[in-house]
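No lab work stands behind these numbers, since they all come straight from the coordinates. Just so we're clear, the structure is a prediction, and the values are computed from it rather than from any experiment. Glycine also receives a Cβ, built like all others from the backbone with ideal geometry; neighbour counts cover every protein chain displayed.
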Amino acid sequence: MSPLHALVIYVPDSHAGAVLSAIGDAGAGRLGGYTHCSFTSPGTGRFTPLPGARPYIGKAGEPQEVSEIRIECLVEEDVLDAVVQGLRRAHPYEEPAFMSWPVNGHR
């Protein structure tokens, strides 16, 4: 078994399903006899695009607040790169907000 990583992604409500499918199809959320396992919670994303940015929502220099979904899942290290590539393809933002870190898990 490959070491586990926690992955957290913030995505607009409108694209949560697409991102969940993309990361699950790439191998995120595989636990025992299950696939596409995740936890989601709603929240508000805040950002201000800088000059030169190409924001999906809003305009440069104008603060934005967006209804977003926080996606949390476990990812085996050997598929982490493929999962990140999948989330980038499915995510509408120019710079998707996500983070990952190694975790101690048991199998």
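Observations on the model:
- Each Cα pair under 8 Å and six or more residues apart adds its separation to the average, and for the chain the resulting relative contact order is 45 percent.
- The chain: calculated mean residue ellipticity at 222 nm from DSSP helix runs of at least 4, using -39500 (n - 2.57): -6000 deg cm²/dmol
- For the chain, the equivalent ellipsoid derived from the alpha-carbon gyration tensor has semi-axes of 28, 13, 12 Å in decreasing order.
- Under Karplus coefficients 6.51, -1.76 and 1.60, residue-wise ³J(HN,Hα) of the range 10-16 in Hz, glycine/proline x: 10, 9, x, 3, 5, 10, 4
- Net charge dipole size for the chain [Lys, Arg +1 and Asp, Glu -1 on Cβ; Debye, nearest 20]: 60
- Given their separation in residues at 0.36 nm each and the Cα-Cα distance between them, residue 99 and residue 57 gain 13.0 nm when the chain is fully extended.
- Under a 5 Å amide H cut-off, with hydrogens placed 1.01 Å from N, residue 97 pairs with 10 among residues at least 5 apart or on other chains.
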